[in-house]
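Undergrad: My questions all concern the structure below.
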Amino acid sequence: MTPQTLKAVNAILDADPTVADVHRKLVIRVCRNPEAEALRTDSRGKTRFLTAREVADMLSVTQRTVWRMVERGQLSPAKISRRFTRFRVEQIESLVP
């Protein structure tokens, strides 16, 4: 997508007060890279996982809030290894209004 088209999409989204920030970010992300956003699974058909930062961006909260949500039981992360924790795309998308 060209910068001019992206600017036009931004202007349209800014003009509509009913568009939530989360949806605005999602639309812009899809406009920037539609192929990547269209895939919820990787090339092998396995579930895609998100980092805490990606979850925070999708929910328009801080990373600390994401971890608070885990502590409260609102999110259930998948432990990939001792050092890596990820979140299932489907679970996060169900939280986005």
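Undergrad: Please sort 49-59, 85-95, 68-78, 7-17 by packing, taking for each peptide the average over its residues of neighbouring beta carbons within 10 angstrom, highest first.
TA: So the peptides 49-59, 85-95, 68-78, 7-17, ranked by packing, come out 49-59, 85-95, 68-78, 7-17.
Undergrad: Still on this structure: Going by a ≥ b ≥ c, the root eigenvalues of the Cα gyration tensor, does segment 49-95 fall in the rounded group (a/c under 1.5), the prolate group (a/b larger than b/c) or the oblate group?
TA: rounded
Undergrad: Another one. I need 81, 60 ordered by Cβ neighbour count within 10 Å, fewest first.
TA: Arranged by neighbour count, lowest to highest, 81, 60 become 81, 60.
Undergrad: Defining a contact as two alpha carbons under 8 Å apart and six or more residues distant in sequence, what relative contact order in percent does segment 49-95 show?
TA: After rounding, I find 41 percent.
Undergrad: Explain nothing, just compute: Karplus ³J(HN,Hα) = 6.51 cos²θ - 1.76 cosθ + 1.60, θ = phi - 60°, for every residue of segment 66-73 in order, whole Hz, x for Gly and Pro.
TA: 4, 5, 5, 4, 5, 4, 7, x
Undergrad: How high is the FRET efficiency between residue 11 and residue 65 when r is their beta carbon distance and R₀ equals 30 Å, given to the nearest 0.05?
TA: 0.50
Values in this text are rule-based calculations from the coordinates and carry no lab data. This structure is a prediction, so every number in the text was calculated from the model and none was measured. Glycine also receives a Cβ, built like all others from the backbone with ideal geometry; neighbour counts cover every protein chain displayed.
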